[in-house]
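Report on the structure given below.
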Amino acid sequence: MTGDIELSTPIGERSSTHRPGVRTSVFAYVTESPEYRAILTVFAGTFFAELTPAEVTARLAEVGTELDESTVTARLEALRGWGNLEVSASVGQVGTVEDYYRRRNRYLITRVGQEVHDVVEGVLSQVDDVRDVSLGRLDQLREGLSALAALDAASAPPGRLAEAVRAVFDPHVAFSAEITQFFAAINQWQSRFDLDEDEFAFFSEVLVGYVGERLEALRRRARPVGALLETVLPRVPVIVDRAADGLAARVAAAGLSSVRVRREPGAVEADWENLASWFLGAPGRPSRIQVLERDAVDAVRTLTQNLTRLSRSGTAGASRRADYLRLALFFDRSDPASVHEIAAAAFGLAGARHLGGAGGDDTDPVDAAMSWWDAPTAQVPVSLRERGDTTSRGRTSRVQDRSQERRHLLARRAEAEKRAAAARAELVEAGAEGFTARLSEPALRELQRVLTRAVADLGPALSPGASGTVILDGVRCTVARAPGTSTSVPTHAGALRVRDLTLTVEPAP
């Protein structure tokens with residue numbers, strides 16, 4: 001090792017990457033390249049481990065996703081900007097300033113990034129699955145309501161009362177999610193007209209009978225749940241008041257309004273009203289169970305009609321699947337010219353023909369073999385777009401005088417050199433005073449530039465007295481091995497500490 005260098009950030013400075021309240025950006029990667037999902041999959045299985053772009057590139061290659069490190073770095077920065085990843089604040093022990101900034105380039109997944117990834121992958125992996133409905137959860141709900149009704153809400157211990165409330169709402173939340181997804185799938189299936197033989201058998205032999213059985217069992221088990229709810233609902237205000245338990249209740253009792261904690265279901269009266277709306281109807285408003293039954297019966301009736309129509313082969317109600325197969329046969333047996341006519345007649349799609357002018361080497365940014373789908377928008381000259389030709393019209397414009405721009409650039413360069421010379425002078429003066437004065441940001445950059453090269457000239461030598469020197473732009477920087485010593489340079493960005501080394505900065509002879 002060639003010494004330890006640390007750069008500490010002043011208290012109060014925070015990264016602007018994570019903006020409280022902005023949460024929708026964490027879903028932006030879903031509509032982008034699949035490479036973002038592959039990168040997040042690498043981080044999601046690491047239990048918040050820190051990875052560099054090189055390590056991410058290697059892990060992607062192990063699973064068959066070949067990307068160069070520069071592309072991975074750009075994808076990581078994009079995910080960091082969206083809030084899915086963050087940069088590690090720990091750099092450990094480093095030997096040079098370059099090592100410091102290289103070690104800072106370590107990423108780890110954020111908590112919201114982990115949760116969003118789990119939700120997205122769960123939805124995408126199960127979107128086409130048929131999920132069963134466990135009516136046993138209604139039995140658990142009935143048992144939970146019975147236990148709650150047997151308790152005296154005014155005198156029961158708050159902890160036991162809270163457990164009884166959780167025993168009611170846990171099965172209800174799971175049941176409502178399952179049955180809602182199942183009947184939503186039924187409503188979607190009723191418009192299917194392209195069934196193959198296996199799907200036809202599933203609908204006709206399994207689904208219709210299964211839905212009928214489930215509706216009957218659901219109706220039978222929902223009645224006692226509704227009766228128990230009518231018994232418990234008058235005591236809900238007392239239950240909600242005395243069953244306040246858990247982290248949310250303690251945060252509310254402490255008056256910490258800035259801390260948001262998700263409450264358990266059943267902690268407010270609105271949760272009980274929602275539970276009652278599932279099993280108890282009101283004048284002019286049926287319960288949600290009744291609405292689901294009605295919608296399911298309508299959907300099954302439509303499914304049955306479609307199945308009946310699909311089974312009539314050769315009659316007026318012939319399957320649309322056969323029509324699609326016949327159309328596909330037309331496409332397969334036709335020549336290229338006829339294929340476009342068939343597509344236009346069947347779907348109203350015109351032929352995919354693109355016309356444009358030939359671009360020169362200085363104006364055409366992409367190769368001629370690139371697909372129209374991936375190529376950027378072509379820049380069409382105004383004369384070609386409006387008149388259909390590229391003939392020049394009007395007088396030739398005069399050669400533009402760029403002397404003013406040239407003088408401006410020379411002045412900017414002279415000013416930059418002036419600022420750099422002032423920064424070097426400030427650095428030399430601070431070095432002569434033993435680095436007691438606070439360095440400005442330009443002077444800190446000059447110090448980092450000469451210090452990095454001096455440490456590189458020192459090399460791996462560990463013997464006391466070994467030194468490294470560099471002369472750059474009139475500044476001499478010398479570092480010498482001195483175990484136990486430490487040099488601290490105060491700056492506006494923090495303190496630069498050089499350990500086990502002596503640091504000397506002076507004018508070059």
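The values are calculated or read from the model by the stated rules, or taken from the named source; none is laboratory data. This structure is a prediction, so every number in the text was calculated from the model and none was measured. Every residue, glycine among them, receives a Cβ derived from its backbone with ideal geometry; neighbour counts consider all protein chains shown. What goes into the accessible areas is simple: the full protein's heavy atoms, side chains included, and nothing from ligands, DNA or RNA. Shrake-Rupley method; radii C 1.70, N 1.55, O 1.52, S 1.80 Å.
General observations
- Applying the condition of being without any contact (Cβ under 8 Å) to a residue 40 or more places away in the chain and out of contact with any Leu (no Cβ under 7 Å at 6 or more places or on another chain) to region 34-51 and asking which residue is farthest from residue 85 (Cα to Cα) yields 34.
- For region 443-459, a residue qualifies if it is open to solvent by 10 Å² or more (accessible area, probe 1.4 Å), free of Cβ contacts under 8 Å to residues at least 40 places away in the same chain and farther than 18 Å from residue 417 by Cα, and the qualifying residues are 453, 457.
- Whichever residue in region 152-174 is buried (at least 16 other Cβ atoms within 10 Å of the Cβ) and not in a helix (DSSP H, G or I) and, among such residues, is modelled with the lowest pLDDT: 153
- Number of the exception - residue 429 against (1) out of contact with any helix residue (DSSP H, G or I) (no Cβ under 8 Å at 6 or more places or on another chain); (2) open to solvent by 40 Å² or more (accessible area, probe 1.4 Å); (3) at pLDDT below 85: (3)
- Test: residue in region 305-324 that is at pLDDT 75 or above and either of a type outside the set (A, V, I, L, M) or within 30 Å of residue 138 (Cβ to Cβ) (or both): yes
- Of all residues in region 27-36, at least one satisfies being open to solvent by 40 Å² or more (accessible area, probe 1.4 Å), over 28 Å from residue 445 (Cα atoms), in a loop (DSSP other than H, G, I, E, B) and modelled with pLDDT of 50 or more.
- Scanning region 452-509 for residues that are polar (S, T, N, Q) and in contact with a helix residue (DSSP H, G or I) (Cβ under 8 Å, 6 or more places away or on another chain) returns 452, 467, 469, 478, 491, 504.
- Hey, residue 110 of a type in the set (S, T, N, Q), touching a strand residue (DSSP E or B) at 6+ places or on another chain (Cβ under 9 Å) and either within 30 Å of residue 182 (Cα to Cα) or at pLDDT below 85 (or both) or not: no
- Pairs meeting the criteria (first residue in region 52-68 and basic (Lys, Arg), second residue part of a helix (DSSP H, G or I), beta carbons under 7 Å, at least 6 apart or on different chains) are 59/42.
- Some residue of region 464-487 being of a type outside the set (Asp, Glu) and in contact with a Phe, Trp or Tyr (Cβ under 7 Å, 6 or more places away or on another chain): yes
- Test: residue in region 52-59 that is modelled with pLDDT under 85 and either among the acidic types (Asp, Glu) or outside any loop (DSSP other than H, G, I, E, B) (or both): no
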